[in-house]
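Notes for the one structure printed next.
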Amino acid sequence: MPNQEANEGFEVIVVGGGLAGLAAAYTLADRGVEVLVLERGDYCGAKNVTGGRIYLNPIRELFPQLLKNAPFERYIAHEEVSLFAPSRSITLRYDGSELGEPPYQSYSVLRAKFDRWLARQAEQKGAMLVTKSRVDDVILENGAVKGVRAGGEELRANVVIACDGVLSLVAEKAGLRKDIRPRHYAVGIKEVIEMGTATIENRFNLEGDEGTARLFMGDVTAGMFGGGFLYTNLESISLGLVISIEALSENQMELTAPDLLERFKERPEVARLVKGGETVEYSAHVIPEGGFDALNSLYGDGILVAGDAAGFALNIGVTVRGMEYAMASGYYAAETVLRAREKGDYSRATLSQYQRLLEDSFVLKDFRNFRDALSVIDNHRFFQYYPELLGNILKDLYQVPPGPKDRLYSTIRRYLGVREACKILGDVRRMRKI
């Protein structure tokens, strides 16, 4: 039997005022739908944590007017990757003309600023926003979600959109969340370090609103599966680490995530980048990293799941993405609700259109394309063997000894015997999966 529209309550309740929830609310309110957003934090963005980079090309057409005036920090004009061995490091910088030409591909973002701005845009369209509101349960009737319980009140709705983060209580209560496996999650820990516009531009060789994004691998996580990141903002940098929860729990050195962050900041290569800065924000967050096979169920009777609550974050090594998936999934959740509203039917069968919309979009196409990414990059050689190997090769290539110098080919050949070549070939073959 199709669900009938509620006679009282709200048309739509969105749980969570992050990017997915606000994108859904903005889209619905813009189309005249009554929508209530419940946010646990003091304000939207108060509890949201991200490395700090959003890729715009995939979502530009979904929000053509909204994104034109968004409070981004710097457009990313320089891509960098650093491989850290215990006593040396290699940094590769890519400067492509396409990165410096508008419309810019990606920007650094401070969520406390960006989310509050996005919340205002949704409210101006007519969405109702209630902060400091914790949802404790969902209202279930004959297996269908009919609303939520928050602050001792029952709030009913035709449909609930769960956008309450990686450990979504709403999805769990509705029976849509998979069992938690440590392998599929990571902990992200971040500092925002203020140091002034002039210092940032001089230190990172930037002009105007140019920005740099740098990813770190290897000894930054003591060889564990994970990595570091640095993004330049207008007057600060976002610096942090992401480490596999499974790897943290199994590490023999018993290092905690805060220990690793301090260790990271003490490396000479990083210490000189943060020198003189003042930490103004410190945050930590659990991140979904399981990819396609770890995605939660996306819909049920009277409910849709979007953003981190669904598992929409994707790490493929060279890019780590989540914000554009959050906004896109919020948009497609809203589009699904609009179609259900036309029919007056919020059943699982009708809301299954959400899955099809995501399948036809970049969201699930990306997740299918890179469904093997976790198994490929969760390879200890990427974090231990290769940074040390490449560092040692370059050390010897650049070294000028007291006596005669070996030929370059002979120097490289010392490190690349049959056994090493087989390891490298095997890893290259595995990378064909992504």
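Data overview
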item: Region 7-55, accessible surface, carbon-and-sulfur percent (1.4 angstrom probe); result: 35
item: Residue-normalised accessible area of region 103-159, expressed per residue, 1.4 Å probe, Å²; result: 49
item: Neighbour net charge for I200 - beta-carbon separation under 14 angstrom, K R +1, D E -1; result: -3
item: Protein accessible area in region 207-291, 1.4 Å probe - carbon and sulfur %; result: 50
item: Formal net charge of residues neighbouring R93 (Cβ-Cβ distance under 11 Å; K, R +1; D, E -1); result: -2
item: For region 217-311, accessible area per residue (1.4 Å probe, heavy atoms of protein chains only), Å²; result: 38
item: Cα-based helix-to-principal-axis angle, 19-30 vs the chain, degrees rounded to 10; result: 40
item: Test item: Cα-centred dipole of the chain, Lys/Arg +1 and Asp/Glu -1 on Cβ, debye; result: 1280
item: 13 Å beta-carbon shell around H184, net charge (K/R +1, D/E -1); result: -1
item: Top of M327, M195, M217 by mean-square fluctuation, Gaussian network on the chain, Cα under 10 Å; result: M195
item: Residues E61 and R356, FRET efficiency given R0 of 25 Å [Cβ-Cβ distance, rounded to 0.05]; result: 0.85
item: Restraint check, K265/K433; K178/K343; K173/K343, Cα-Cα greater than 32 Å; result: K265/K433
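The values are calculated or read from the model by the stated rules, or taken from the named source; none is laboratory data. Remember, it's a predicted structure, so these values are computed and weren't measured experimentally. Note that we place each Cβ from the backbone using ideal geometry, even for glycine, and neighbour counts take in every protein chain shown. Areas reflect the complete protein model, heavy atoms only, side chains present, ligands, DNA and RNA absent. Shrake-Rupley method; radii C 1.70, N 1.55, O 1.52, S 1.80 Å.
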